[in-house]
Amino acid sequence: MRDHGPLVRRADTSEAARRKEERLGLALANRDPRALEEVYERYGRACFGFLVNLLRDREAAEDVQQQVFLEVWQRAPTYERERASLLTWIMTIARSRGIDHLRRRVPEPAGTLAGDERLPAADDTTDELVERWRVTALLEGLQPEEAMLLRMRFYDDLPQTEIAERTGIPLGTVKMRMVRALRRLRKLVDET
């Protein structure tokens, strides 16, 4: 009989994380200041990194970050956990406030191009950034060695053979761990 211990423990951890996020969302909605502090500790770095990438200005990112978490606090009673995870909700607010900041900083063109074709919107690349930060946060839900392999493969664009060489892990083991990690990542994506 195969030992499924690690998989079961990982699933329990994921379920525990989901329940913890639910409790955190409820505490936030009930205006518990400690909940806001915990939300900031958990998601502040990801939000700030996203804003720095979007705005290309650290000071502006700091200002917008304050706006984002003020809005999180003000809108907490309206947060619907069935619609999105806390991270997704916060990043959506960050994206909106970041785009607002960019629009104030750079006036939108008054005219259009040929016909109804408009210039590309300022937020065309922000969707990609939001998704990248979301995936980064999801990778933290994997075992560290699995997350490392996926980062090497998809962020560093390394083939599995080179990953095996660099890590000293046999190629077959690299492949097996990546398949397992992708399954877990898929499950985390489905849960958010």
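Of note:
- When residues in region 27-69 are screened for being farther than 17 Å from residue 104 by Cβ and either touching a Gly at 6+ places or on another chain (Cβ under 9 Å) or not charged (D, E, K, R) (or both), 19 of them pass.
- Test: residue in region 57-77 that is of a type outside the set (Val, Ile, Thr) and modelled with pLDDT under 90: yes
Residue-wise test of (1) in a loop (DSSP other than H, G, I, E, B); (2) in contact with an Asp or Glu (Cβ under 8 Å, 6 or more places away or on another chain); (3) farther than 15 Å from residue 93 by Cα.
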residue	(1), (2), (3)
37	no, no, yes
44	no, no, no
48	no, yes, no
62	no, no, no
69	no, no, no
73	no, no, no
77	no, no, no
80	yes, no, no
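- Check on residue 19, part of a helix (DSSP H, G or I) and surrounded by fewer than 13 Cβ atoms within 10 Å (Cβ to Cβ): yes
- In region 131-176, residue nearest to the chain's Cα centre (by Cα) [restricted to those that are crowded, with 18+ Cβ neighbours inside 10 Å and free of Cβ contacts under 8 Å to residues at least 24 places away in the same chain]: 152
- Of all the listed residues (125, 173, 167), the sole one being of a type in the set (Val, Ile, Thr) and modelled with pLDDT under 75 is 125.
The values are calculated or read from the model by the stated rules, or taken from the named source; none is laboratory data. Just so it is clear, the model here is predicted, and its values are computed rather than measured. For neighbour counting, all protein chains shown are included, and Cβ atoms are generated from backbone atoms with ideal geometry for every residue, glycine included.
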